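The values are calculated or read from the model by the stated rules, or taken from the named source; none is laboratory data. Worth saying up front: this structure is predicted, and the values here are computed from it rather than measured. Backbone-built Cβ (ideal geometry, glycine too); neighbour counts: all protein chains shown.
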């Protein structure tokens with residue numbers, strides 16, 4: 001059964017950057033189950049998996065445009081430390097939820113210089129090629145409930 005729209009697909013994966021550094025992997029835990037065609041994976045990886053079968057292994061390189069987007073300098077801003085007054089022990093690398101006119105977004109503290117804090121609203125992997133090694137371990141039709149909710153439900157009713 002080749003992977004198609006509305007299938008629940010289970011994969012093991014390893015994600016590396018261009019320097020071969022492992023950024024994420026399912027190898028030491030449970031495989032990842034996702035609902036195909038519903039935006040649960042980055043678009044480039046979903047496109048590469050379409051039509052593949054259980055047991056297939058693939059190595060794919062996903063460009064930023066089909067991954068987490070190009071790096072956007074406009075998403076980097078400096079704010080005075082006092083604007084973050086509710087946050088104790090502010091450190092570089094800390095991820096914060098920022099409320100904007102367009103909802104909540106995660107930002108990363110990238111620099112603290114005196115009273116100014118630099119916040120980066122880009123995804124940490126924006127602008128990077130994503131090098132995936134994937135093994136497809138299972139494919140099944142989604143349930144009506146999964147289709148209605150737009151994501152996989154795992155045993156015990158927990159959401160992924």
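Table for the structure above
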{"quantity": "Filter result (in a strand (DSSP E or B) and within 21 Å of residue 128 (Cα to Cα)) within the stretch 13-38", "calculated": "13, 14, 15, 16, 22, 23, 24, 25"}
{"quantity": "Filtered residue count, the stretch 91-105, keeping only those that are surrounded by fewer than 13 Cβ atoms within 10 Å (Cβ to Cβ) and at pLDDT 90 or above", "calculated": "4"}
{"quantity": "Positions within the stretch 116-131 being without any contact (Cβ under 8 Å) to a residue 60 or more places away in the chain and surrounded by fewer than 16 Cβ atoms within 10 Å (Cβ to Cβ), in sequence order", "calculated": "116, 124"}
{"quantity": "Answer residue from the stretch 49-69, given it is free of Cβ contacts under 8 Å to residues at least 60 places away in the same chain and surrounded by 13 or more Cβ atoms within 10 Å (Cβ to Cβ) and is farthest from residue 107 (Cα to Cα) among those", "calculated": "50"}
{"quantity": "Count of the stretch 106-115 residues which are more than 27 Å from residue 45 (Cα to Cα) and either surrounded by 12 or more Cβ atoms within 10 Å (Cβ to Cβ) or assigned by TED's automatic domain parsing to the domain that holds residue 42 (or both)", "calculated": "4"}
{"quantity": "Checklist (1) touching a residue at least 12 places away in the same chain (Cβ under 8 Å); (2) assigned to a loop (DSSP other than H, G, I, E, B); (3) surrounded by 15 or more Cβ atoms within 10 Å (Cβ to Cβ) applied to residue 41, failing item", "calculated": "(1)"}
{"quantity": "Every residue from the stretch 115-136 that is out of contact with any helix residue (DSSP H, G or I) (no Cβ under 8 Å at 6 or more places or on another chain) and part of a loop (DSSP other than H, G, I, E, B)", "calculated": "123, 124, 125"}
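Matching residues to (1) within 22 Å of residue 15 (Cα to Cα); (2) in contact (Cβ under 8 Å) with a residue 40 or more places away in the chain; (3) more than 23 Å from the chain's Cα centre (by Cα):
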residue	(1), (2), (3)
83	no, no, yes
96	no, no, no
99	no, no, no
103	no, no, no
114	no, no, yes
133	yes, yes, no
144	no, no, yes
151	yes, yes, no
